[in-house]
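Step one of this worksheet: look at the structure below.
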Amino acid sequence: MGRGGWMGAEDLVQSLEAYYQQNGSWIGADSLLAARGHGHNLGAGHGANPGSNAMASLRLADQDGIILVSNSPDEIGMKASQAELDAATLLEVNGTTRGFLLAQAGNTFQTVLFEQILLTRIRSASMQAALLAGVIALLLALLLTGILIKPLRTLTQAASELADGNFSHRVHVKQPKELAALGDAFNQMAGSIEQAGQNRKAMTADIAHELRTPLAVQRAHLEALQDEVYPLTHQDLEPVLAQNLLLTRLVDDLRLLALADSGALQLTFESVDFVAVVSDMLTRFQAQADNLQITFETKINAEKRFIKADTERIQQVLHNLLQNGMRYTPPGGSLWLSLFNQDDNIVLELRDNGEGIAPEALPYVFDRFYRSDKARDREQGGSGLGLAIARQLVLAHGGSLQAENHPQGGALFRLILPLSEPGESH
């Protein structure tokens, strides 16, 4: 018997010992245990609800081991077993044993108190864990807010700048990576919008420039005829007609590009022998090539040759490519044309032996009104729209048109069109 293992029940033991010392007996001690959640007393009918807590299973016995307080009324007045007394905690007053504090039958104080302390500690640990989790959540929220708010504010400000027309504004977001990716996408979008705006302004200026010269020439000739500076003859009307034809062609080209850009260009697809179309276009250009002393070198190695295309538009693409190639091929030079199959496509490569395309000009070859040599203008027969039209028409056929410099010199244009089975049309 002893006081070992109480771990927090000392106050109950001390209270009981103080009670006995003051009253000289255990009569009424049941009220003390009842106040702490313990059960029935000597029979007075007092006590708390059994099982109200883990200490409700404790019993009180006098110095002879007679049970005075218990949750089980049948036990009151009975003597505790020697084993129970050996496991009980002594209640001593002035060094003399005056009673025993026993656990419920089959238990020990260590078991009862362990359950109580375990529950208490679980509750305490749960509260501490909840508090700690709340603090951590708050800190993380503040941290994430700091991480996210700044780049979001940057992106919002950039969007406002873009809405106000400042297309040169860019953002610099490095973290987190998702917002950094969004920042990169925003910069690309802003760059595209800025480039589109610059292209629109440049195109407007180019159109005005292209229209102004032939209109000025027409006006000068018409005023000369009106003032009888020139006689009204067919010969003197030819320059006016030539400028009118140039204007008509320019307007038609612009209209074609506008239709292609908007997806409103009407195409009639049918099964076309592309090799035959290429051969026909070479025949049409033969007289012009002979006049310029340009030689056509052809190499055809295409077993599959049919495509789904609008014949007239494909002829226009080939016309623009051949016209461009001959324009930049010196007299006595050659144009090499090869046809071959590659995967499910037919490929046409057209190479001249001119000076090639300046590296800084390559990205803009297919831009409208772009000329790598500014000295080459309408006197050379070019408006700067031919290659732009060719590319738009090729895209409308599901193909691609590329430009590069050949390793042996000269410019190389590569036209790629998807193959189809003979007879397919829609």
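Odds and ends about this structure:
- Hits in the range 258-291 (condition: more than 21 Å from Leu348 (Cβ to Cβ) and of a type in the set (A, V, I, L, M)): Ala258, Leu259, Ala264, Leu265, Ala287
- Restricting attention to the range 344-359, the residues that are outside any strand (DSSP E or B) and modelled with pLDDT of 90 or more total 1.
- Residue ID - surrounded by the fewest Cβ atoms within 10 Å (Cβ to Cβ), chosen from residues in the range 62-88 that are part of a strand (DSSP E or B) and touching a residue at least 40 places away in the same chain (Cβ under 8 Å): Leu68
- Among the residues making up the range 217-233, those that are in a helix (DSSP H, G or I) and either in the same structural domain as Phe369 (by TED's automatic domain parsing) or modelled with pLDDT of 75 or more (or both) are Arg219, Ala220, Leu222, Glu223, Ala224, Leu225, Gln226.
- Among residues of the range 282-307, those that are over 16 Å from Asp352 (Cβ atoms), in a helix (DSSP H, G or I) and not polar (S, T, N, Q), counted: 3
- On inspection, Phe296 passes the criterion of being at pLDDT 90 or above and more than 22 Å from Leu419 (Cα to Cα).
- The set of residues in the range 273-307 that are in contact with a strand residue (DSSP E or B) (Cβ under 7 Å, 6 or more places away or on another chain) and under 17 Å from Leu401 (Cβ atoms) comprises Phe274, Val278, Ile307.
- Failed condition for Ser425, given (1) at pLDDT below 85; (2) small (Gly, Ala, Ser); (3) over 20 Å from Ala258 (Cβ atoms); (4) in the same structural domain as Leu350 (by TED's automatic domain parsing): (4)
The values are calculated or read from the model by the stated rules, or taken from the named source; none is laboratory data. Fair warning: this is a prediction, and the values are worked out from it, not measured in the lab. Backbone-built Cβ (ideal geometry, glycine too); neighbour counts: all protein chains shown.
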